[in-house]
1. So, in region 205-218, exactly how many residues are within 12 Å of the ligand (Cβ to nearest atom), in contact (Cβ under 8 Å) with a residue 40 or more places away in the chain and open to solvent by less than 20 Å² (accessible area, probe 1.4 Å)?
2. Could you please give the count of residues in region 180-204 that are surrounded by fewer than 20 Cβ atoms within 10 Å (Cβ to Cβ) and either within 16 Å of the ligand (Cβ to nearest atom) or in contact (Cβ under 8 Å) with a residue 40 or more places away in the chain (or both)?
3. Of the conditions (1) within 14 Å of the ligand (Cβ to nearest atom); (2) surrounded by fewer than 15 Cβ atoms within 10 Å (Cβ to Cβ); (3) among the basic types (Lys, Arg), LYS237 satisfies every one except a single condition; which number is it?
4. Could you pull out the residue among GLY87, GLY110 that is closer than 17 Å to ALA163 by Cα, surrounded by fewer than 23 Cβ atoms within 10 Å (Cβ to Cβ), more than 16 Å from the ligand (Cβ to nearest atom) and not basic (Lys, Arg)?
5. Restricting to region 90-107, name every residue that is closer than 22 Å to TRP157 by Cα and either surrounded by fewer than 17 Cβ atoms within 10 Å (Cβ to Cβ) or in contact with a His (Cβ under 7 Å, 6 or more places away or on another chain) (or both).
6. Condition (residue is farther than 21 Å from LEU207 by Cβ and either over 21 Å from the mean Cα position of the chain (by Cα) or assigned to a loop (DSSP other than H, G, I, E, B) (or both)) applied to region 32-45: is it met by at least one residue?
7. Just give me the residues in region 50-77 being surrounded by fewer than 17 Cβ atoms within 10 Å (Cβ to Cβ), part of a loop (DSSP other than H, G, I, E, B) and among the hydrophobic types (A, V, I, L, M, F, W, C), in sequence order.
8. Any idea how many residues of region 118-153 are closer than 17 Å to ASP89 by Cβ and buried (at least 20 other Cβ atoms within 10 Å of the Cβ)?
Amino acid sequence: MAARKFFVGGNWKMNGDKKSLGDLITTLNTAALHDETEVVCGAPTIYLDFARANLDPKIGVAAQNCYKVAKGAFTGEISPAMIKDCGIDWVILGHSERRHVFGEGDELIGQKVAHALENDLSVIACIGEKLEEREAGTTEEVVYAQTKVIADNVKDWAKVVLAYEPVWAIGTGKTATPEQAQEVHEKLREWIRANISDAVADSVRILYGGSVTGGNCKELASQPDVDGFLVGGASLKPEFVDIINARA
Ligand code: PGA
């Protein structure tokens, strides 16, 4: 089985300013980060250039969203071409807040994934069920359907990581248990094996996101199908270093 490099993404969301993000960047640049972990920080659009200019080159930067076409009359949007032009290689797409606060549907998310990949951006593609869906027993159905829309728009899986983020765990302090995370990750990998290929199932990184902290990261990271994290709140704190080093 192909070894999957552990991947830790930080999602700063709409937080920080040059002072606080600058301090965080200094912490990351000077910390001892495990060599075997790929690290990517998702900065607010206006600070993408600042983050790229100041973060150590070994730390990647991600935009938190982008639009589905290269340019035009789309006030307020940014394109993958612009993101690449700022030296940034990643974009987070389909995040729960884009889906549920800003009403982005699967079709639009799929179009964004396709366009980002066509423009050589790598994509952190997010999926996850809401509490009522979990309680209704439809978690698998929901995450398979979301994954299918993403998969239909991916040609090169080497440029995609999948982030499983149960909506009920995001920003709530209610982390999925290691068993709950492992169960969904394993099923997602089986779905990928059945619907895409063995090679993609073995190589694609499936991240867990939702109230990951320095305290719970090691146990989550010990699960065989948890290949990393997408971290919100704790990515703004020095404990992000502990999360990066969860497998060290
Ligand atoms: P959280 O956010 O770690 O604050 O729960 C995770 C995310 O939204 O990616």
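1. Counting residues in region 205-218 that are within 12 Å of the ligand (Cβ to nearest atom), in contact (Cβ under 8 Å) with a residue 40 or more places away in the chain and open to solvent by less than 20 Å² (accessible area, probe 1.4 Å) gives 4.
2. Total satisfying the criteria: 10.
3. Of everything listed in (1) within 14 Å of the ligand (Cβ to nearest atom); (2) surrounded by fewer than 15 Cβ atoms within 10 Å (Cβ to Cβ); (3) among the basic types (Lys, Arg), LYS237 misses just condition (2).
4. It is GLY110.
5. GLY105, ASP106, GLU107
6. Yes.
7. Answer for region 50-77, where residues must be surrounded by fewer than 17 Cβ atoms within 10 Å (Cβ to Cβ), part of a loop (DSSP other than H, G, I, E, B) and among the hydrophobic types (A, V, I, L, M, F, W, C): VAL69, ALA70, ALA73, PHE74.
8. Residues that pass the stated criteria total 4.
The values are calculated or read from the model by the stated rules, or taken from the named source; none is laboratory data. Since this is a predicted model, take the numbers as computed values, not measurements. So basically every Cβ, Gly included, is an ideal-geometry build from the backbone, and we count neighbours across all protein chains shown. Remember, those area values only see protein heavy atoms, side chains included, never the ligands or the DNA or RNA. Shrake-Rupley method; radii C 1.70, N 1.55, O 1.52, S 1.80 Å.
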